[in-house]
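The values are calculated or read from the model by the stated rules, or taken from the named source; none is laboratory data. Model, not experiment: these values are computed from the prediction. FYI the Cβ positions are ideal-geometry reconstructions off the backbone, even for glycines, and counts take in every protein chain you see.
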Amino acid sequence: MHYKEFRIEFSIEEFEEFIDVIKNAADELGQYTKNNPRRFGKFQRACPNERVKKETMNEGQSFWTKPSDNDKDRPYESTYEEEDARLKGDTRETNNSKLMKLDVRDLFDITLFHSTNIHPWGCDENGVFLPLLNRYQFVKKFFESSELTEEEIKSTNYWSLLSKKITDKPRDGGGGWVYKDPMEQCRRLVNLIKSIKQYGYLGLEKGHESYREFQDMQEIIEADGKISLQKNKESGYPGLISVMPSSGAYKVHNGLHRIAILKYLWDTNQLDSPLILVRKWDDTSFDPSDVIDIKYNERGYPIGRPKSLPNITKRFLARIKNKIFRILRRLFSKIS
């Protein structure tokens, strides 16, 4: 039996004995499960923090934080440090169903350890998504040095992975492309770090020019050797990280650099809250069903979400309409 870092060997007879012990414990536990509020999603933190279904709770029930609070009327544990008590008032829900506040630690961990299905080109033999890990290490090195020389940049794992060819694995970039200029990409990240440090995650209204520069067109090399320009899509929400359902939770779809910066800021006590505002990768509303019984296509993207289809159809039709307008404009210009 494998559990976390433990590997326990049993004979058949020993395993049957173990099963009996578990069964007896489950029977005794039954008296507590009837009114136990159910959590939704996986990878829960100790504090439920709006992650339990309130309709499964009895009126007046609450969660205890230390053993002296525990009694027969409040049998549900929620452990957190006293200095983090302020976080209990910060919830995930917003007034916009297409936006939600998610924990930077969850987003970072899910993306780091559950990306092999959609980003196999960036994962090592242990399934660790190196582009995210290397970004975090780069951010850490920058803050510890306050500035990085070109030689120091070239000594980082981030620059090394950026310099890989599209035929290499693991590497940075996208499924079918790599960055043309690794050093330029590193400098862009440095400017983004400075900008978020000064203006915050969503400080666009305060002059977040470095973020705008980071989102500008960048040169990439595609699989066929063609050099093209890539620009990140904002979908009307400038600066917001986009996420997608994965492994019973959400992982980052667009915003690896930003989540690496925010994770480091939280780890070093430079963020007031671990909850950050995000949007869905397909611009649909957040729903508890996002992380339940999800099916994925061969590229690792969620499929079979009926509520997503209308939005996808609208975007497809809008693209067709724009193409038609462009063709008509060219025809009219030639006629004139």
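Filtered by the rule that a residue be hydroxyl-bearing (S, T, Y) and in contact with a helix residue (DSSP H, G or I) (Cβ under 9 Å, 6 or more places away or on another chain), the range 117-146 gives Y136, S145. Is it true that some residue in the range 101-124 is of a type outside the set (A, V, I, L, M, F, W, C) and surrounded by fewer than 14 Cβ atoms within 10 Å (Cβ to Cβ)? So far as the range 101-124 goes, yes, one or more of its residues are of a type outside the set (A, V, I, L, M, F, W, C) and surrounded by fewer than 14 Cβ atoms within 10 Å (Cβ to Cβ).
Of all residues in the range 274-288, those that are buried (at least 18 other Cβ atoms within 10 Å of the Cβ) and polar (S, T, N, Q) total 1.
Would the range 121-131 turn up any residue that is at pLDDT 90 or above, assigned by TED's automatic domain parsing to the domain that holds H257 and more than 19 Å from the chain's Cα centre (by Cα)? Yes - at least one qualifying residue is present in the range 121-131.
For the range 155-273, the helices (runs of 4 or more DSSP H) that sit wholly inside it and include 2 or more residues that are modelled with pLDDT of 90 or more and crowded, with 17+ Cβ neighbours inside 10 Å are 157-162, 182-199, 256-267.
Here S146 qualifies as surrounded by fewer than 16 Cβ atoms within 10 Å (Cβ to Cβ) and not aromatic (F, W, Y). The requirement of being under 23 Å from D282 (Cβ atoms) and in contact with a Phe, Trp or Tyr (Cβ under 7 Å, 6 or more places away or on another chain) is not satisfied by G127.
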